[in-house]
Amino acid sequence: MELKSVPLRHIHEKLGAKMVPFAGFTMPVRYSSDIEEHMAVRNGVGVFDVSHMGEFKIEGPNALDLIQRVTSNDASKLINGQAQYSCLPNDQGGIVDDLIVYKIKDEDYLIVVNAGNIEKDWNWFIKHNTNGAVMKNNSPDVCLFAVQGPKAVSVLQRLTKTDLSSIKYYHFAIGEFAGATNVIMSNTGYTGAGGFEIYVLKNDAEKVWNALFEAGKNENIKPIGLGARDTLRLEMGFCLYGNDIDDTTSPLEAGLGWITKFTKDFTNSSAIKKQKEEGVKKKLVGFKMIDKGIPRHDYPIKDAAGHVIGKVTSGTLSPVLGIGIGLGYVTTPHATAGSEIFIDVRGKGLRAQVSKLPLIG
């Protein structure tokens, strides 16, 4: 399959980014070093170009009906200008994708999905759109910049008259930003470091990107690649689709019961409700290494007797903690915070401890 390019690929290459294939796109994985970029976001401000993400508009009198039937969370609770984390359950108890639902206004919603699942998700919505909601795939026309870090808001505020401090977490405003109109400024992100995600039309992307770096000069604003995006989200314990959640993992096993609302019917809701009543046999947990070592995707997780009790789904060296951290599924008796588990690293059982999320909390 031919790789797609984000509109600002030429800028990333000019900045010296290492470009790699990711989710069907050629993406910047790093500009300097993963650790340097990670700490720039934790302590200052950085910009991720995540324009590979997918954006669907769902409109009309049957828009909410469609969203309610295919997503696990309750979108009827959204007010105008509010966003909601949710997922698309499949018919077998797994997850088609995780996503964010934005309520622009009544009968007008934006759905943001993972880049690697754009076609899959679009087809899923089409399949279930039996009552004629108006759907449009805006993914090719929208660019998305995640401006993250404790200094992000002060940089962003220089570029808009919208009072960003009044926008609560998982809320957004639409207005003028860096000379571009109709920009969505969303108090969301995938780092736990604070900041906003800025949705702009493709034609405005370069102008907005340049304005961000001009406005953030004094804060030493930096471009950030996918490498640091992964370590930042892992320190927070945020799921990555394809690693920690997929078509075979249930929302309840993945610790996403909080976005699974049984106050309505949705795809496979009766089976998931039964699973809740009976209890899950495995759970996604965060853990920190006690012994020196770095856990990696698919490494076996064992108990003290050497029996396999699960596997690592994501792992890395935490730049903040300086130790190995990870997420993985383990059998429910071993999922309690404080439980000692063993990560099989090339045949050697290294000690780790199940920890509450976020892992740097």
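The values are calculated or read from the model by the stated rules, or taken from the named source; none is laboratory data. A quick note: this is a predicted structure, and the numbers were derived from the prediction, not measured. A quick note on method: Cβ atoms are made from the backbone with ideal geometry, for glycine too, and the neighbour counts reach across all protein chains shown.
Take residues that are closer than 28 Å to Arg42 by Cα, in contact with a helix residue (DSSP H, G or I) (Cβ under 8 Å, 6 or more places away or on another chain) and not hydrophobic (A, V, I, L, M, F, W, C) and tell me which of the strands (runs of 3 or more DSSP E) falling wholly in region 284-334 contain 1 or more.
Working: elements: 300-302, 308-317, 324-331.
In region 284-334, 308-317, 324-331 are the strands (runs of 3 or more DSSP E) which contain 1 or more residues that are closer than 28 Å to Arg42 by Cα, in contact with a helix residue (DSSP H, G or I) (Cβ under 8 Å, 6 or more places away or on another chain) and not hydrophobic (A, V, I, L, M, F, W, C).
Considering only region 117-137, state which residues are free of Cβ contacts under 8 Å to residues at least 24 places away in the same chain and either in a strand (DSSP E or B) or not charged (D, E, K, R) (or both). If the condition is that a residue be free of Cβ contacts under 8 Å to residues at least 24 places away in the same chain and either in a strand (DSSP E or B) or not charged (D, E, K, R) (or both), then Asn123, Ile126, Thr130 are the ones that fit. Checked against (1) touching a Phe, Trp or Tyr at 6+ places or on another chain (Cβ under 9 Å); (2) within 21 Å of Ile167 (Cα to Cα), Ile79 meets all criteria but (1). Condition check for Asp247 on (1) farther than 28 Å from Gly54 by Cα; (2) assigned to a loop (DSSP other than H, G, I, E, B): one failure, at (1).
Residues in region 256-272 that are in a helix (DSSP H, G or I) and either over 20 Å from Thr332 (Cβ atoms) or under 25 Å from the mean Cα position of the chain (by Cα) (or both): Gly257, Trp258, Ile259, Ser269, Ser270, Ile272.
Residues checked against (1) free of Cβ contacts under 8 Å to residues at least 12 places away in the same chain; (2) in contact with a helix residue (DSSP H, G or I) (Cβ under 7 Å, 6 or more places away or on another chain); (3) among the aliphatic types (A, V, I, L, M):
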| position | (1), (2), (3) |
| --- | --- |
| Ala40 | no, no, yes |
| Gly46 | no, yes, no |
| Ile58 | no, yes, yes |
| Ala63 | no, no, yes |
| Gln84 | no, yes, no |
| Pro89 | no, yes, no |
| Asp98 | no, no, no |
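If a residue has to be charged (D, E, K, R) and part of a loop (DSSP other than H, G, I, E, B) to count, how many in region 345-361 make the cut? Don't jump to the end; show me each part of the working.
Start the filter on region 345-361 by keeping residues that are charged (D, E, K, R), which leaves 346, 348, 351, 356.
Among the residues that remain, those that are also part of a loop (DSSP other than H, G, I, E, B) are: 346, 356.
Counting residues in region 345-361 that are charged (D, E, K, R) and part of a loop (DSSP other than H, G, I, E, B) gives 2.
A single member of Pro319, Pro300 is surrounded by 14 or more Cβ atoms within 10 Å (Cβ to Cβ) and in contact with a His (Cβ under 6 Å, 6 or more places away or on another chain), and it is Pro319. Where strands (runs of 3 or more DSSP E) fall wholly inside region 22-68, no range has 3 or more residues that are modelled with pLDDT under 95 and of a type in the set (A, V, I, L, M, F, W, C).
Kindly provide the set of residues from region 4-16 that are within 21 Å of Val142 (Cβ to Cβ) and in a loop (DSSP other than H, G, I, E, B), ordered by number. Steps first, please.
The first filter runs over region 4-16 and keeps only residues within 21 Å of Val142 (Cβ to Cβ), leaving 4-12.
The answer is Val6, Pro7, Leu8.
Of the strands (runs of 3 or more DSSP E) lying entirely inside region 173-243, those containing at least 2 residues that are at pLDDT 95 or above and surrounded by fewer than 18 Cβ atoms within 10 Å (Cβ to Cβ) span 180-186.
Pairs are defined by a Cβ separation below 6 Å, a sequence spacing of at least 6 or placement on different chains, a first member in region 248-273 that is in contact (Cβ under 8 Å) with a residue 24 or more places away in the chain, and a second member that is exposed (fewer than 14 other Cβ atoms within 10 Å of the Cβ) and assigned to a loop (DSSP other than H, G, I, E, B); the pairs so defined are Asn268/Asp91. Taken as a whole, the condition of being free of Cβ contacts under 8 Å to residues at least 40 places away in the same chain, over 22 Å from Ile79 (Cα atoms), among the aromatic types (Phe, Trp, Tyr) and in the same structural domain as Phe48 (by TED's automatic domain parsing) applies to Phe177.
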